[in-house]
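Below is one structure, written out as structure tokens; comments come after it.
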Amino acid sequence: MTVQSTGEAPSLSPSQRLFAVLSDHRVLVSLVALALLPWLLPSKALAVNVLIYGVVVMGYNLLFGYTGLLSFGHAAFFGAGAYLTGIAIGRWGLPWFAAVPLAIAASTALAALIGTISTRTRGIYFSMVTLALAQLVYYVALQASSLTGGENGLRGFTVDRINLLGLPINFLDPVNKYYILMAFAALALWVQSRILNSPFGAVIEAIRENEQRARACGYDVERCKLIVFMLSGAISAVGGCMSALHLSIVPLDSLHYQTSGMIVMMVLLGGARSFFGPFIGAATFLILEDVVSLWTPHWQIVVGAIFVVFVLFLPKGIWGTLLDGLPVARAQR
Amino acid sequence: MSTALLQAEGIGRRFGGFTALEDISVSFARGELTSIIGPNGAGKSTFFNILSGTLSPSMGTLRFKGRELNGMPQHRFVHQGISRSYQITNIFPDLSVHENVRVAAQAMRVSYDIWRRRADLVELSERADAALASVGLIGKRGEQAKFLAHGQQRALEIAIALVSEPELLLLDEPTAGMGPEETKEMVALLERLAERRTVLLVEHKMKMVLGLSQRVIVLHHGRLLADGKPEEIRGNPDVRRVYLGQSEGYG
Amino acid sequence: MDLSLIIMQLFSGIALGAVLVITALGLTIVFGMLGVVNFAHGALFMIGAYAGLYLASLTGSFWWGLVLAPVLVGAFGMLIERVLVRRLYGRSIDDPLLLTFGLSYILVEGVRIVFGSDGIPFPTPSQLVGVVDLGVGFFPKYRLFVIALVAVVLLLLWLMLEKTRVGLIVRAGARDPQIMRVLGVDIGKVWLAIFGLGVGLAALGGVLAGPMRSVNPEMGTLVLAEAFVVTVIGGLGSIVGAVVAGLMVGVCISMVALFAPEMATIVMFALMAAVLLVRPQGLFGLKGRA
Amino acid sequence: MPGFETTSRRAGLSRRKALLAMSAGAAALAMPRLGRAADDGIRIGFPTPLTGPFAAEARDQVKCAELAVKLVNDKGGIAGRKVELLVRDDKLNAGEAATRTLELIEKDKVHAVVGALSSAVQLAVNEVTRARGVIYVSISQSDTINEVKDFSKYTFHEALNPHMTTAAVARQTLKKGMKVAHLVADYAYGHEMLRGFKRAQASIGAESVGEILHPFGAADYSTFMPRLMSMRPDVLCISNFGRDQANAIKQAVDFGIKQQMKIVVPVILHNQRLAVGPDVFEGVVGGANYYWGLETQNKTAAEFNKEFRAANGGAIPTDYGAYGYSGVGSLLQAMQVAGGTDTDKVIAALEGLQYDLTKGPQHYRKCDHQSVQSVLVLESKKKSAMANDNDLFAIVASDPGAEEMLRSCSELGHAT
């Protein structure tokens, strides 16, 4: 995953070279796959969901996969992104292109707040504190119903037309909507890729690998954790903005800890610590839920069992396990 | 005393009701290789952890190049010029050998840059390679650190500590768990390192310490028992009684 | 405000806190010994309520349900430890948490399949129906019984920890698992027993809550969040902490209910955030663990 | 504890049925994926919470909706076109519901949507349908959807609303000079119920002695009981729903509240009464859209029960089930009148429709599309007074439908 300066390059087979090229252009590869997605899945609504949750989980992966911090409260940032987009458009009358950056900025501020408290703790404590603080956000949203719509959810901000360089585009059309939202995803993918390739990207991996050593190397570990918490929250909030524009409502459940749990499930399913894992995990989870819930109303038992199996036997997720199995890929690691 | 690089005055440390360290005052001159010895529970590790910022002292002051270090968080110590290794191998196991050292080098320059490409920071990569070369690991630079042999991992940790170009290098039992062959290589490495910087060692292997060090400090029950040249320590009756007699097996 | 009303609220708060204490205890003991946060704790609480109800209807007596359900569910907990959780010792501390999270989905859905997704009536045992005049007002007999029973369980637990060899091992092990190796204890067996004890306490909480609440597959969801808050406030792994924090949260909720009832749920999360700001390791938590 | 076995057996039976219904739905979804646009059937989307705490209600709704479709298809469909019901699990989650509705509209090209149980879900579905000009008949009891902010010409509300039920219940239980206390769930639906009660109480001349808002979804209500008792009211109005209602009543009974005062709820729920048992609910009075026992005094109800029993092995339809029947049924009648699925024609037909499907005449009011209908007031029976397991309630009154029972159009913000 980490980009290494080219030293003595071992001789690569053509397939290995192809793989190397693909992972060097991982953003492009992701975008091509995403562009095909709506034509492969049974419905456009499902494809948009993969897009949205892919971005949310990708942001979460920065924290969980790359830095090793198991947050159980990431719904707070997904929800905050969605709510603030909706509130900015519906209540304050802002256009969507102003509402989205505002929502991301405010969600990042929320991440700074929650991060300041939670990064003071370590290990399991961190998980529980993030969980409880996110629940606090949930209850605040429930109570502040004049702003959020409370239990009824936020509505009344349907974006039906988007003006692109003077060209009005019907945003209710599922295909248009998908590709416009894909632009958000592309931006998020690019930013995530830059972060991972940056010096800071190396720092968070070092912290995950060995926090004590990272500190002894001269890194302010607590501050780094706070920064990555904010970055992670910001990227997940992008997914929230997309969700608000897509559904034209914000359900209160988007802040609930079960949403956080779903995000964790998705990243584990796809493979933490990998660039493609989050989207693969989101797609697998959502398709699975779609298919299994058609067989039986007890789809949760299947989802739960699959999750248990992954924790026990495939902790690296689908993509991680695939990489381990592929000699082509192993040379890259 | 103006030449002292690091100066400890009346250092003490308590854990709850237990006093691990009491009233230690020593100073370390530039260019010396000093070893700290003492039987188990003598307070070596506590003292070492205080010198490297891992623990803060309950009392006393610590000065580095005349600047007080009390209350400074651990990560700032490296930036002052104090770098350490750990008794139990402490590296980044899943990263490549090169990345292990490169990320340590990076700490001295950039921490929070989220936008530049790290591959563009060529100078850091070169410095990492130089550090690897100096501990003889350059041939392994592409391997995952956890697959190195034990002795090589210890050398890697020293490279990590070295790459910050510390004025004071603190090494906690660098030969722990090593066989005679690996130990010999490590001693040679330590001698080379000591030529250019101040080194402080915590060690168990008596013979090695006495042969290698210019100065030896002996701790016992959290107090300073002896401080002097190796030959003085060898002749010190107190040291013989509490330490040398018991640790024949380490010799 | 009326003094008698405040005293009544205090009783309500203690009764509420008593159930919180029992469930949080199970969570905290398992964490203290095994370093495992059991995310299925809420689901096992719910299973406890169903098991109590089922056993009560089978034997015709609430009391059998009260005694047998924690034992049987505790044994089920031991099975979970042996078959699933044990495989994860030595792996990342996140793994048992994730595993039990998945497990909670299976348990809740399993109960829906067996007992249906509606609630099921869990009548108060006939001996405890009705109210007692406390002088300041009427209070349900059953809730007084819950307070008393929890006090007895706490006493027994305390005696076990302080006076028996098992207790010694548990206390030593909670401080440092290495010590147990030195003592020559079969850690595997101790962990098995502790996990069973923790799950049994969750089940006991469930049976006790049964006659007070609607028994349904989702009843554990809120309880899990509450138990988390209590253990975090008290300090993960601290038994005293769980007791103090449980009662504190209960009384806090009931007092807030008097002045700003709609805030009753938020208050415990706010309390937790406040405690964490001052003491990240919780009121009675060990510093190194936080 | 005999309630235990009967409940689980009942659940088991209906579960198998639901599974069958589900797999049939699965086949229906999987098969026509290729040639959806080609066939000329009429497709009605039906989002309902098949998973979650209201699964039992949802299953009853599906059965009733399917019955309504079957009866129309048996008579040759609408203008020769067969009607198809596309059931989707909304998981009681507004986001899930919105996604499913988008799928129904974009992929399955449904002609109309009927359904939703929770207030949040109906508003989410409505938001999606109204933006896309698809008719939606809501069967959730909250009336936020009738207010001008959420309303659209595509929005119809078949269910009762809190204003109607509280008025009917208050008329039967409150008298001039009575003291009334309120325990209210602190969210929009709870506030709606409280508003209804207070208005009815003011017109009757009863006096409010206090109100307590409780957090939505709370499990413990004991902390509110001492204060409620200290208010010394004659009647306690508990304005919440589902599990909240069951928990609140159960704990009020524990505190001996029933000895001091009468407990009254806006809507008395068939399934919650089953979940908590007869002893707890004994004497509680509440409103309802439907109760099978109406068959002894109402011909339509007898007819509806007969059809339902025939289709479901002798089982009786529940309150929420009846909504599924009347919601889909009224829409299909309007489509018959319109002679097809043309949206504007169907809307016009719905607005002019007089229908009688379960309990007597109903029609949609022009300004807000609220269904004007009768309200039942029920009292939960004592265990010893129950003739059989289904004999839960006594009918206290059946208030005939009238527009005067509703909030006025101008009050809801509509142009009059």
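Values for this structure:
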read-out: C-alpha long axis of helix D:188-204 to longest principal axis of chain D, angle in °; value: 60 degrees
read-out: Karplus (6.51, -1.76, 1.60) ³J(HN,Hα), θ = phi - 60°, over the stretch C:232-238, in Hz, Gly and Pro reported as x; value: 5, 5, x, x, 4, x, 9
read-out: Dipole in debye (nearest 20) - the protein assembly as shown, about Cα centre, beta carbon charges: Lys, Arg +1; Asp, Glu -1; value: 1240 debye
read-out: Spatially proximal aspartates and glutamates relative to D:LYS82 (Cα-Cα < 14 Å; intrachain offsets below 8 disregarded); value: D:ASP39, D:ASP40, D:GLU66, D:ASP74
read-out: In degrees, nearest ten, helix D:343-352 long axis to first principal axis of chain D (Cα); value: 40 degrees
read-out: In order through the stretch A:272-277: 3J(HN,Hα) via Karplus (6.51 cos²θ - 1.76 cosθ + 1.60), integer Hz, x for Gly, Pro; value: 5, 6, 9, 6, 8, x
read-out: Free-standing Cys residues across chain D, given no other cysteine C-beta under 4.7 angstrom; value: D:CYS64, D:CYS237
read-out: For the stretch C:83-210: accessible area per residue (Å², 1.4 Å); value: 42 Å²
read-out: P(r) weight above 24 Å for the stretch D:62-175, C-alpha pairs, percent; value: 33 percent
read-out: Column: log10 I(q)/I(0), Debye, Cα scatterers of the stretch A:240-317, q = 0.18, 0.19 Å⁻¹; value: -0.83, -0.91
read-out: Prolate/oblate/rounded label for the stretch D:271-416 (Cα gyration tensor, a/c 1.5); value: oblate
read-out: Over the stretch C:26-86: Rg over Rh, Cα atoms, Kirkwood Rh; value: 1.05
read-out: Exceeding the 26 Å Cα-Cα cut-off - candidates D:LYS179/D:LYS383; D:LYS175/D:LYS382; C:LYS141/D:LYS250; D:LYS91/D:LYS345; value: D:LYS179/D:LYS383; D:LYS91/D:LYS345
read-out: Selected from D:LEU236, A:GLY81, A:ALA202, residue furthest toward positive end of dipole (the protein assembly as shown; charges at beta carbon); value: A:ALA202
read-out: Kirkwood-based Rg to Rh ratio, the stretch D:325-380, C-alpha trace; value: 1.05
read-out: Chain C, relative contact order in percent, only Cα pairs under 8 angstrom and at least six apart counted; value: 38 percent
read-out: Compactness relative to 2.2 N^0.38 Å, alpha carbon Rg of the stretch D:338-416; value: 1.53
read-out: C-alpha center-to-center spacing [the stretch C:108-174, the stretch B:165-185] in angstrom; value: 58 Å
read-out: Area accessible to solvent at B:THR183, 1.4 Å probe radius, in Å²; value: 20 Å²
read-out: Distance-filtered residues of the stretch D:278-310 - backbone nitrogen under 13 Å, label point 7 angstrom along D:ASN388 Cα→Cβ; value: D:292-293, D:306, D:309-310
read-out: Using alpha carbons only: equivalent-ellipsoid semi-axes of the stretch D:196-256, gyration tensor based, whole Å; value: 21, 14, 9
read-out: D_trans [Stokes-Einstein, Kirkwood Rh over alpha-carbon pairs] for chain D, 37 °C, 0.692 mPa s, µm² s⁻¹; value: 151 µm²/s
read-out: Max mean-square fluctuation residue, GNM over chain B, Cα-Cα springs under 10 Å, options B:PHE147, B:PHE48, B:PHE77; value: B:PHE147
read-out: For C:ALA245, net neighbour charge (Lys/Arg +1, Asp/Glu -1) across residues whose Cβ lies under 12 Å away; value: 0
read-out: Prolate/oblate/rounded label for the stretch A:254-294 (Cα gyration tensor, a/c 1.5); value: oblate
read-out: Rounded percent of accessible protein surface that carbon and sulfur make up, chain C, 1.4 Å probe; value: 72 percent
read-out: Relative contact order for the stretch C:142-269, counting Cα pairs under 8 Å that sit 6 or more residues apart, in percent; value: 10 percent
read-out: Debye intensity ratio I(q)/I(0), log10, the stretch B:1-47, q values 0.14, 0.18, 0.26 Å⁻¹ (C-alpha model); value: -0.41, -0.64, -1.03
read-out: Across A:LYS316/B:LYS140; D:LYS198/D:LYS366; B:LYS44/C:LYS163, pairs whose alpha-carbon gap is larger than 29 Å; value: B:LYS44/C:LYS163
read-out: Kirkwood Rh, angstrom, the stretch D:224-267 [1 / mean 1/r, Cα pairs]; value: 10.5 Å
read-out: Accessible area (Å², per residue) of chain D, counting only protein heavy atoms and a probe of 1.4 Å; value: 32 Å²
read-out: Most to least accessible of A:PHE276, A:PHE200 (protein chains only, probe 1.4 Å); value: A:PHE276, A:PHE200
read-out: Among C:GLY196, C:GLY184, C:GLY116: highest mean-square fluctuation, GNM of chain C, C-alpha pairs under 10 Å; value: C:GLY184
read-out: Radius 11 Å from Cβ of D:PHE281, net charge of other residues (Lys, Arg +1; Asp, Glu -1); value: +3
read-out: Candidates C:ILE266, C:ILE194, C:ILE169: whichever shows maximal mean-square fluctuation once chain C is modelled as a Gaussian network with Cα springs under 10 Å; value: C:ILE266
read-out: Coordinate range along principal axes, alpha carbons of the stretch C:150-290, Å, largest first; value: 54, 37, 25
read-out: Value of D in µm² per second that Stokes-Einstein yields for the stretch B:48-90, Kirkwood Rh from Cα pairs, at 20 °C (1.002 mPa s); value: 197 µm²/s
read-out: Cα-derived Rg over Rh, computed across the stretch C:8-154 with Rh taken as Kirkwood radius; value: 1.02
read-out: Relative contact order of the stretch A:202-333, defined on C-alpha pairs under 8 angstrom at six or more residues apart (%); value: 19 percent
read-out: Three principal axis lengths of the stretch D:134-210 [C-alpha, angstrom, descending]; value: 48, 23, 17
read-out: Calculated on alpha-carbon atoms, Rg and Dmax of chain A in Å; value: 19.8, 64
read-out: Global form of the protein assembly as shown, assessed from the alpha-carbon gyration tensor, a/c cut-off 1.5; value: prolate
read-out: Solvent-accessible area buried by pairing D with C, both sides, nearest 100 square angstrom, 1.4 angstrom probe; value: 3500 Å²
read-out: Chain A: angle of helix A:96-118 to the longest principal axis, Cα-based, in degrees nearest 10; value: 60 degrees
read-out: Gap separating the Cα centres of the stretch C:8-52 and the stretch B:196-219, nearest whole Å; value: 55 Å
read-out: Calculated on alpha-carbon atoms, Rg and Dmax of chain B in Å; value: 18.4, 61
read-out: From phi via Karplus (6.51, -1.76, 1.60), per-residue ³J(HN,Hα) for the stretch B:62-76 in Hz, x at Gly/Pro; value: 10, 10, 10, 6, x, 9, 6, 9, 4, x, 7, x, 4, 5, 6
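The values are calculated or read from the model by the stated rules, or taken from the named source; none is laboratory data. Bear in mind the structure is a predicted one, so any value in this text is a computation, not a measurement. FYI the Cβ positions are ideal-geometry reconstructions off the backbone, even for glycines, and counts take in every protein chain you see. Ligands, DNA and RNA are excluded from the accessible area calculation, which covers all protein heavy atoms including side chains. Shrake-Rupley method; radii C 1.70, N 1.55, O 1.52, S 1.80 Å.
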